[in-house]
Every structure is written in structure tokens, then in C-alpha cells.
């Protein structure tokens with residue numbers, strides 16, 4: 001079993017001092033570092049699954065075409081079910097190595113614009129369960145959500161929500177994200193970075209480290225198989241940090 005290390009560091013967020021911890025899944029301890037972050041606190045403009053007044057939030061920066069994100073998506077559904085007072089925030093982190101990640105993110109926002117937060121999460125669940133995605137996938141899911149087809153097509157064609165997606169992506173990198181999935185446990189006066197497709201127990205441990213004790217209903221670990229890299233550890237899919245807006249195909 002690999003040893004997990006939590007390394008404290010100081011950070012400033014919106015003028016308030018918070019403790020930042022890094023949870024890694026490799027045998028080397030994360031080095032302490034002082035970083036100035038600009039993490040947006042969860043708000044009604046976010047895509048939130050769970051109580052909007054939760055005491056702890058799992059802020060995930062994700063890529064709809066990243067297979068590792070598909071793994072952690074299932075894990076986080078289990079985590080919030082096991083953790084009272086915990087909510088999940090989805091933010092975008094499309095990588096250049098995944099050509100459909102940006103278009104999928106735009107499609108998700110276009111569906112949300114018409115059909116709301118529940119439709120966004122249904123889209124996310126469906127897309128991350130698919131092996132191959134593309135424009136036909138998004139149109140089909142938009143139709144299933146009840147979205148107006150012509151309005152959806154115009155929204156997608158205009159990449160209407162690219163500004164929001166780029167802002168999420170830059171925020172992830174600014175806060176230490178180097179690939180996907182990248183999650184920040186936010187609560188209890190702390191931020192805890194969880195990199196890669198951590199197991200259910202890894203996330204529950206991070207929540208406890210934030211000063212909360214979620215009820216434990218078994219410790220079923222997530223898969224540690226990495227579809228992005230080989231080896232025995234579970235790093236995230238690597239990020240290309242050049243912020244070129246994704247174009248629809």
C-alpha cells in the first residue's frame with residue numbers, strides 16, 4: 001500500500017488566510033510551498049450537486065474526455081452520498097490532448113443555460129459514461145434534456161460559454177492543477193488538493209483532514225489503473241497549460 005502524505009502550506013484566498021494541504025498518491029511527500037491563490041468560493045453560479053450551504057465542498061476541475069475523470073466521477077457520487085453536509089462542485093479543465101473536451105464543456109453549459117443545474121449533471125453523468133463522444137452525442141443528450149434544438153445548436157456554434165470554461169481552467173492551474181482530474185476539498189477553514197483519480201477513502205480522508213468527520217459506510221477504493229500513463233501510481237492526465245480556446249468540429 002502506498003503511503004499518502006499531507007503537506008501544509010500557507011495561502012491567501014480573497015484576503016483570508018487558509019491552510020492548503022496537498023494529498024498525493026505517490027510515496028514521496030509533497031513539499032510545502034507558499035502559494036497565492038484565487039479560488040472562487042462556491043456560489044449559485046456554480047454547478048453544485050448536494051446542499052448549497054454545505055460545510056465542505058469538493059471542487060473538481062474535470063475534462064469530459066479524460067478517462068480518469070470518468071473514474072473519479074463515479075467515486076465522487078459515492079463520496080457525497082457517504083458524507084452528510086458535503087457538496088460537489090464541477091468546474092471545467094479541458095485539456096488540449098482531448099479534442100472533444102472543450103466542445104463537450106460548451107455543450108454542457110448550453111444545456112444548463114436552457115434546462116438548469118439538474119440537466120447539467122445528467123449530461124455530465126451520460127458523457128463521462130460514454131466511450132466515444134462528439135457533436136452527435138451532445139445533440140442527442142440535449143434533445144433528451146428537453147432543450148430547444150435550434151437554440152442549443154446556435155449556442156454551441158458560437159462557443160457562447162468559452163469565457164467561463166477558460167476561467168475555470170486558468171483557476172485550476174493557478175491553484176496547483178497540472179492535469180485532470182484535479183479536486184480541491186474546500187471547507188473547515190482549509191483547502192486540500194487531491195490530484196488524480198483518488199479512491200473513495202482518499203477523498204473521505206481529505207474531508208476528515210478539513211476538520212469534518214463524514215459517516216463511513218465502508219471504504220471501497222476507486223480504481224488505480226491510469227489510462228493516461230503507465231506505472232504503479234495514479235497521477236492525473238497531464239495538462240497542456242497553453243490556453244487556446246477549443247474550437248467546435
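The values are calculated or read from the model by the stated rules, or taken from the named source; none is laboratory data. Here the structure is a predicted model, which means the values were calculated and not measured. For neighbour counting, all protein chains shown are included, and Cβ atoms are generated from backbone atoms with ideal geometry for every residue, glycine included.
Quick look at the values:
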{"quantity": "Subset of the range 168-198 (residues that are part of a helix (DSSP H, G or I) and surrounded by 15 or more Cβ atoms within 10 Å (Cβ to Cβ))", "calculated": "168, 169, 170, 171, 172, 173"}
{"quantity": "Qualifying positions in the range 130-160 - in contact (Cβ under 8 Å) with a residue 24 or more places away in the chain and under 17 Å from residue 96 (Cα atoms)", "calculated": "133, 134, 159"}
{"quantity": "From the options 35, 56, 20, residue that is at pLDDT below 50, in contact with a helix residue (DSSP H, G or I) (Cβ under 9 Å, 6 or more places away or on another chain) and farther than 30 Å from residue 134 by Cα", "calculated": "35"}
{"quantity": "Top-ranked residue of the range 78-107 - restricted to ones that are out of contact with any strand residue (DSSP E or B) (no Cβ under 8 Å at 6 or more places or on another chain) and closer than 22 Å to residue 45 by Cβ, ranked as surrounded by the fewest Cβ atoms within 10 Å (Cβ to Cβ)", "calculated": "103"}
{"quantity": "Residue match in the range 58-70 (condition: crowded, with 23+ Cβ neighbours inside 10 Å, under 20 Å from residue 145 (Cα atoms) and touching a strand residue (DSSP E or B) at 6+ places or on another chain (Cβ under 6 Å))", "calculated": "no"}
{"quantity": "Residue 99 in a loop (DSSP other than H, G, I, E, B) and farther than 14 Å from residue 169 by Cα", "calculated": "yes"}
{"quantity": "Condition check for residue 120: closer than 22 Å to residue 40 by Cβ, crowded, with 23+ Cβ neighbours inside 10 Å and either touching a helix residue (DSSP H, G or I) at 6+ places or on another chain (Cβ under 6 Å) or without any contact (Cβ under 8 Å) to a residue 12 or more places away in the chain (or both)", "calculated": "no"}
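Per-residue answers, yes or no, for (1) touching a strand residue (DSSP E or B) at 6+ places or on another chain (Cβ under 7 Å); (2) at pLDDT below 95:
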residue: 155; (1), (2): no, no
residue: 188; (1), (2): yes, yes
residue: 191; (1), (2): yes, yes
residue: 208; (1), (2): no, yes
residue: 219; (1), (2): no, yes
residue: 242; (1), (2): no, yes
residue: 246; (1), (2): no, yes
